[in-house]
1. Is the range 104-113 home to any residue that is more than 18 Å from residue 376 (Cβ to Cβ) and either touching a strand residue (DSSP E or B) at 6+ places or on another chain (Cβ under 6 Å) or in contact (Cβ under 8 Å) with a residue 60 or more places away in the chain (or both)?
2. Checking residue 333 against (1) at pLDDT 95 or above; (2) in a helix (DSSP H, G or I); (3) among the hydrophobic types (A, V, I, L, M, F, W, C), only one condition comes out false. Which one?
3. Residues that are in a loop (DSSP other than H, G, I, E, B), under 30 Å from residue 319 (Cα atoms) and among the basic types (Lys, Arg): does the range 151-172 have at least one?
4. Is at least one residue of the range 217-224 part of a helix (DSSP H, G or I), under 27 Å from the mean Cα position of the chain (by Cα) and either modelled with pLDDT under 80 or not aliphatic (A, V, I, L, M) (or both)?
5. Suppose we filter 123, 66, 80 for residues that are out of contact with any strand residue (DSSP E or B) (no Cβ under 8 Å at 6 or more places or on another chain), small (Gly, Ala, Ser) and within 20 Å of residue 314 (Cα to Cα); which single one remains?
6. Looking at the range 133-150 only, could you name the residues that are in a loop (DSSP other than H, G, I, E, B) and of a type outside the set (A, V, I, L, M)?
7. Scan the range 75-95 and tell me whether some residue there is closer than 30 Å to residue 346 by Cβ, modelled with pLDDT of 95 or more, of a type in the set (Gly, Ala, Ser) and surrounded by 17 or more Cβ atoms within 10 Å (Cβ to Cβ).
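The values are calculated or read from the model by the stated rules, or taken from the named source; none is laboratory data. Computed from a predicted model, the values in this text were never measured in an experiment. Because the Cβ atoms are built from the backbone with ideal geometry, glycine has one as well, and the counts that use them run over all protein chains shown.
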Amino acid sequence: MRSAEKIGVISYLLLFPGFFFYHFMVARNIISPFLGGFFGVISVLAFFPLVISYHVNNGLKINGASILFYFISSWNLLISTLNYFNGNPRGWHENIFIWSVSGVLFNAVCYLIAVNLNAMKYSKYILVSFVLMVGIVVLNIGDLGIFYVKQEAGDVADYVATYQGFARSLLFTGLILISVYWQSVLIFYVVLLFALIGLFFNGARTEFVLFAISVMVCVAIYAFKTYKALLDIAFLGMVGVLFVYLYDYIPESRMSQIFELGTSTSNEERIRLMDYGLNSIYKNLLFGDYGSYVELGGVGSYPHNIISSWVNLGIIGFGSYVVLFVMLWMGVIRGVRNNNALPEFMTYLIFLIFMSMALISSKDYSFMGIGFVVGLHSRYRGQVNCLKSGC
């Protein structure tokens, strides 16, 4: 069990804080981009140790959500493989196949990490990493008013992550720490403030908004159940008022338009991709139209929400994702009714809130957070079963 937890936390620290530090050092020419994009290489290296530790950990019980997650991963591989050998979509089949298989791999790795991640036990390592990341963001705000080292990376810019990549690392550490220190007063507020500052100056508007809403929803769920929840509401209100008051003094950047997301060019592009996706589904209701969107601008031109699963995987794929999240939310409802305050439950809850909103607004079906939240659910269920059996 201890070895499984160590493999889980080491893999987590490498893939999220490690990703951030690697890309920052590449951008600043401290190291060469010897690991390419980093995430793919590290995921492959971590996969087999994670699989072995998962099977050795006999305390975990297979549940309905994890079985459905296995089915979705298998269905994804089946559909992408069949289309690859059929040369579909023409001229892009290799690119989309790599994208699809990478998505399955990243989700599998994140699932295995989350199952073994004892965030409470190793919270100090995560906290130190988080503080360092936020410090790097604040100390490296560029001429654009945000932390955008890719644009300042020169010859290695193609190897440096975008602000969404850096935001992912900040999110996956910030949400973990929020849940781990949920019962604390001082550390919780410090982490929350640091996360908001780090995500804001990182420049990823959607991630900043979704993080803030995830915390607010979590606080609302537990409102009036504890005295700390009342303090949380007061603190969030104070931060909100302060943000609105200082809004006019924020240097001009893409984040200064955060209240205008509905009219931004990125939102207009998402609407265009969504319209194309819905039209594609209308014409191919049962089986979808795998990769047809490449004609709009390449592999990344899919609808940026869960509808992308219907386009690529048909009604079976989309329906499976819907059923999966219904099952995950049913687990949350049972936990809240039982007034569950296990750290594992809080981590599962806040990530599920985030992922549900992300899949509605901005993330496609291959986003690795899905595997992560299913893994957190399995870990939480394992802890509940362990408490019941007295292990």
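1. Yes, the conditions are met somewhere in the range 104-113.
2. Failed condition: (1).
3. No; the residues of the range 151-172 include none that is in a loop (DSSP other than H, G, I, E, B), under 30 Å from residue 319 (Cα atoms) and among the basic types (Lys, Arg).
4. yes
5. Testing whether each residue is out of contact with any strand residue (DSSP E or B) (no Cβ under 8 Å at 6 or more places or on another chain), small (Gly, Ala, Ser) and within 20 Å of residue 314 (Cα to Cα) leaves just 80.
6. Correct list: 140, 142, 143, 145, 147, 148.
7. No; the residues of the range 75-95 include none that is closer than 30 Å to residue 346 by Cβ, modelled with pLDDT of 95 or more, of a type in the set (Gly, Ala, Ser) and surrounded by 17 or more Cβ atoms within 10 Å (Cβ to Cβ).
Results for (1) out of contact with any His (no Cβ under 8 Å at 6 or more places or on another chain); (2) crowded, with 20+ Cβ neighbours inside 10 Å; (3) assigned to a helix (DSSP H, G or I); (4) at pLDDT 95 or above, shown as yes or no for each residue.
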position: 18; (1), (2), (3), (4): yes, no, yes, yes
position: 23; (1), (2), (3), (4): yes, yes, yes, yes
position: 26; (1), (2), (3), (4): yes, yes, yes, yes
position: 29; (1), (2), (3), (4): yes, no, no, no
position: 36; (1), (2), (3), (4): yes, no, no, no
position: 44; (1), (2), (3), (4): yes, no, yes, yes
position: 49; (1), (2), (3), (4): yes, no, yes, no
position: 52; (1), (2), (3), (4): yes, no, yes, no
position: 55; (1), (2), (3), (4): yes, no, yes, no
